[in-house]
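Undergrad: One structure, pasted below without further comment.
The values are calculated or read from the model by the stated rules, or taken from the named source; none is laboratory data. Predicted model, so just to flag it, every value in this text is computed and none were measured. We place every Cβ from the backbone using ideal geometry, glycine too, and count neighbours over all the protein chains shown.
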Amino acid sequence: MRRDVWAWAVLLAALFARLLSAVGGYDIVADVDPGNAGASPAAGAWLGTDALGRDVAWRMVKATDAFVVPAVWAAVVSVGLGGALGTLGGWFGGSVERASGAVAGLPGAAPRFVLVLLLATIFAPTPGVLALGCGLAFVPQTAAEVGARLGAMRRTDFVEASLVHGVGVPRVLGEHLLWTGCRLLLARLGMRAAAFFVVVETTLAYLGELGVQEPLPSFGNMVASGLVDGRLHLVSRLAPAIALWLLLAALFHLDGVLARQDAQEAA
Amino acid sequence: MSGALARALLGRTAAVFGGMVAAITALVVLLKAAPGDAVDLVTTDPELRARLVADWGLDAPLHEAVLRALGGQWGTSWTLRPGAQVAELVGDALVQSLPLWLGAWLLTLVVGVGWAARRRAVRKWRLPALSAAPVFLLGWGLIVALNEGAFSAMGAGLLERPSWFSLPDTDSWLRNALAVGVLAVGSGGLRSFIDSVRSRLDVHRRSPAVEALVARGQPVDRLLAWLLVPDLAVLAAERGALLFGGLVVVERVFAMPGAGGLFWEACVRRDQPVVVASGVVAALGVAGLRWLADVARVVADPRLRGSA
């Protein structure tokens, strides 16, 4: 547990930054100060300033607007839709399982990033559409894993005994199977969808055009501006890249932690 | 070929390609249901509009649009290279992307299986930590480090201008090698591949057959390798499918021509025929990989033949 503290701390820091962004009153236009461009880290600007003299630390805080809430929505879509389809298939089996598997498998026909780009092109590259795309991209995996686990648990003696003793299906399904047997699995799969959203959002902002555009900040477009402007202080250039890498490393690490806990509980 | 094997292969083929046709139908339905009309971007003149709608096949019924998409009748490009045949554009781009995709896929398989098979996980955080970075971030880090390192060395007189300088604008072996490495490692792909292979190996190591051999003091590596074949087929197909998506990013970051870059440009410029063609080709690639994986599994493991 002690070895995992850093990952929880990074995740909490991202959530805190999003909160700070909402209440901090940072103005992305008023912060422009060309006379202070490329300033070194100092008390007024901990991570220095960018090519327009804007405070890099505050822009990093503001950049969490682009991914924290939509990433949660991506997780909700993945867990909600994939979990529901997997539950249907795992509980009923037979033709229901085949039908739910076919529906859940539809988004998996295209590579995940391609699916998100297709949706962003057909509709618009808004955070909502990107979150929906990222969530849908993980529906096949979520449905398959939840379905397989529920299908195995459905045939266990304690489930049969509970049903024979008159315990209602919603309680057996909701409390005994989904909560007790699948909560860590669902949390892990939701975390994967959230991590994928962070990757997609920052990638699109880095590549330009379909992502967050200047003057709005994103870790992606901040990294891109650090690529082209070598006059910036090294700390100012590296800070968004390191923050993004740390966030994703934390999400991947917690995915592994949850997987281990899940395996221990299953054993 | 036995009847069970033939039936299993037929069942898998129908499932995989049926899913692909359903997905392409869904794509065409979404395009038809999308707000606005592509012709609105070009003209407001009613006469010209009607002609373009007819020329571009926008008024075609759903089944005809799906059949056209599946049959490779994608027409001509609207905005990317107006008038050029989309099939030729996509075909040429695919040929350019194939070495990059294949190199990254093979690198993932070799490094992933080799890493997962190590009994002692020495400093196992290193590669996963590197792999957590998104593809674009790894590419960015390498480009910045190599360009600025070489620039400083040239400035200090330690180095002649290298043939690859400066990245990514100069076409060189280093740029291609970096692109392959970044595509293979980035966005957690290699890490999750290693974890999956290791987890399957652990399951097989605990199987009665392997434990019996270990108890007799006999080597188990060949048995483990054979047991791993069906799992590896599925994992390799999944990874291959994800690499199609990674191509979009890597080709943009390293300024390389190919199918990924073409798809991105088509998305940005809303060139619907190229977007549809790229989507169909990607779905076909994914379906093909899954089909190959299913065939390998069914052939390698007779127990799976009854479940098709």
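Undergrad: Taking B:Gly36 as meeting all but one of (1) modelled with pLDDT of 85 or more; (2) within 22 Å of B:Ala277 (Cα to Cα), write down the number of the exception.
TA: Every listed condition holds for B:Gly36 apart from (1).
Undergrad: For segment B:73-182, which helices (runs of 4 or more DSSP H) that fit wholly inside it have 2 or more residues that are among the β-branched types (Val, Ile, Thr)?
TA: B:86-117, B:135-155
Undergrad: Then there's this: Answer yes or no: is there a residue in segment A:180-188 that is outside any loop (DSSP other than H, G, I, E, B) and more than 21 Å from the chain's Cα centre (by Cα).
TA: Within segment A:180-188 (the criterion being outside any loop (DSSP other than H, G, I, E, B) and more than 21 Å from the chain's Cα centre (by Cα)), the answer is yes, since at least one residue qualifies.
Undergrad: Across segment A:130-143, which residue is nearest to A:Gly105 (Cα to Cα) among those that are surrounded by fewer than 24 Cβ atoms within 10 Å (Cβ to Cβ) and over 14 Å from the mean Cα position of the chain (by Cα)?
TA: Top of the filtered list is A:Pro140.
Undergrad: Please indicate, with yes or no, whether at least one residue in segment A:48-60 is among the aliphatic types (A, V, I, L, M), in a loop (DSSP other than H, G, I, E, B) and closer than 15 Å to A:Val223 by Cα.
TA: For segment A:48-60, residues among the aliphatic types (A, V, I, L, M), in a loop (DSSP other than H, G, I, E, B) and closer than 15 Å to A:Val223 by Cα: present.
Undergrad: Would you point out the residue of segment A:43-65, among those that are of a type in the set (A, V, I, L, M) and under 20 Å from A:Val228 (Cβ atoms), that is surrounded by the most Cβ atoms within 10 Å (Cβ to Cβ)?
TA: A:Ala63
Undergrad: Right, another one. In the list B:Trp173, B:Trp164, which residue meets the criterion of being crowded, with 18+ Cβ neighbours inside 10 Å, hydrophobic (A, V, I, L, M, F, W, C) and without any contact (Cβ under 8 Å) to a residue 40 or more places away in the chain?
TA: Only one candidate qualifies: B:Trp164.
Undergrad: Is segment A:118-128 home to any residue that is of a type in the set (Val, Ile, Thr), part of a helix (DSSP H, G or I), facing another protein chain (nearest Cβ under 8 Å) and over 17 Å from the mean Cα position of the chain (by Cα)?
TA: Checked segment A:118-128: at least one residue is of a type in the set (Val, Ile, Thr), part of a helix (DSSP H, G or I), facing another protein chain (nearest Cβ under 8 Å) and over 17 Å from the mean Cα position of the chain (by Cα).
Undergrad: Now, a different point. For segment B:215-231, give me each residue that is part of a helix (DSSP H, G or I) and either among the small types (Gly, Ala, Ser) or surrounded by 12 or more Cβ atoms within 10 Å (Cβ to Cβ) (or both).
TA: Scanning segment B:215-231 gives B:Ala215, B:Leu223, B:Leu224, B:Ala225, B:Trp226, B:Leu227, B:Leu228, B:Val229, B:Pro230, B:Asp231.
Undergrad: Let me ask another. Kindly indicate the residue of segment A:93-117 that is more than 8 Å from chain B (Cβ to nearest Cβ) and among the charged types (D, E, K, R) and also nearest to B:Ala277 (Cα to Cα) among those meeting that condition.
TA: Across segment A:93-117, the extreme among qualifying residues is A:Arg98.
Undergrad: Name every residue in segment A:178-226 that is more than 10 Å from chain B (Cβ to nearest Cβ) and without any contact (Cβ under 8 Å) to a residue 12 or more places away in the chain, in order of residue number.
TA: A:Trp179, A:Thr180, A:Arg183, A:Gln213, A:Glu214
Undergrad: Within segment A:220-249, how many residues are in contact with an Asp or Glu (Cβ under 9 Å, 6 or more places away or on another chain) and part of a helix (DSSP H, G or I)?
TA: Counting residues in segment A:220-249 that are in contact with an Asp or Glu (Cβ under 9 Å, 6 or more places away or on another chain) and part of a helix (DSSP H, G or I) gives 7.
Undergrad: Within segment A:156-174, can you find the residues that are loosely packed, with under 14 Cβ neighbours inside 10 Å and within 33 Å of the chain's Cα centre (by Cα)?
TA: A:Val169, A:Pro170, A:Arg171, A:Gly174
Undergrad: Name the residues in segment B:274-308 that are touching a Ser or Thr at 6+ places or on another chain (Cβ under 7 Å) and under 25 Å from A:Thr203 (Cβ atoms), would you?
TA: Matches in segment B:274-308: B:Val274, B:Val275.
Undergrad: List every residue pair whose Cβ atoms lie under 6 Å apart, where the two residues are 6 or more positions apart in sequence or sit on different chains, the first residue falls within segment A:151-177 and is over 24 Å from A:Gly101 (Cβ atoms), and the second residue, located anywhere, is in a helix (DSSP H, G or I).
TA: A:Ser162/A:Val172
Undergrad: Name every residue in segment A:162-196 that is in contact with a Gly (Cβ under 8 Å, 6 or more places away or on another chain) and under 30 Å from A:Trp245 (Cα atoms), in order of residue number.
TA: Selection gives A:Cys182, A:Leu186, A:Leu189, A:Ala193, A:Ala195.
Matching residues to (1) surrounded by fewer than 17 Cβ atoms within 10 Å (Cβ to Cβ); (2) under 25 Å from the mean Cα position of the chain (by Cα); (3) within 14 Å of chain A (Cβ to nearest Cβ); (4) on the phi < 0 side of the Ramachandran plot:
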site: B:Met20; (1), (2), (3), (4): no, yes, yes, yes
site: B:Ala23; (1), (2), (3), (4): no, yes, yes, yes
site: B:Pro35; (1), (2), (3), (4): yes, no, yes, yes
site: B:Asp59; (1), (2), (3), (4): yes, no, no, yes
site: B:Glu64; (1), (2), (3), (4): yes, no, no, yes
site: B:Gln73; (1), (2), (3), (4): yes, yes, no, yes
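Undergrad: On to the next question. Being farther than 28 Å from A:Ala124 by Cβ and of a type outside the set (Phe, Trp, Tyr) narrows it down to one residue among B:Leu247, B:Leu178, B:Leu262; which is it?
TA: B:Leu178
Undergrad: Return yes or no: is B:Leu52 within 14 Å of chain A (Cβ to nearest Cβ), in a helix (DSSP H, G or I) and surrounded by 13 or more Cβ atoms within 10 Å (Cβ to Cβ)?
TA: No: the conditions fail for B:Leu52.
Undergrad: Any idea which of (1) more than 7 Å from chain A (Cβ to nearest Cβ); (2) farther than 19 Å from B:Thr108 by Cβ is the one B:Gly279 doesn't satisfy?
TA: (1)
Undergrad: Could you tell me whether segment A:85-92 includes any residue that is within 13 Å of chain B (Cβ to nearest Cβ), within 30 Å of B:Gly279 (Cβ to Cβ) and in contact with a helix residue (DSSP H, G or I) (Cβ under 9 Å, 6 or more places away or on another chain)?
TA: Checking segment A:85-92: not a single residue is within 13 Å of chain B (Cβ to nearest Cβ), within 30 Å of B:Gly279 (Cβ to Cβ) and in contact with a helix residue (DSSP H, G or I) (Cβ under 9 Å, 6 or more places away or on another chain).
Undergrad: Right, B:Ala266: crowded, with 21+ Cβ neighbours inside 10 Å, assigned to a helix (DSSP H, G or I) and away from every other protein chain (no Cβ under 14 Å) or not?
TA: No; evaluated as a whole, the condition is false for this residue.
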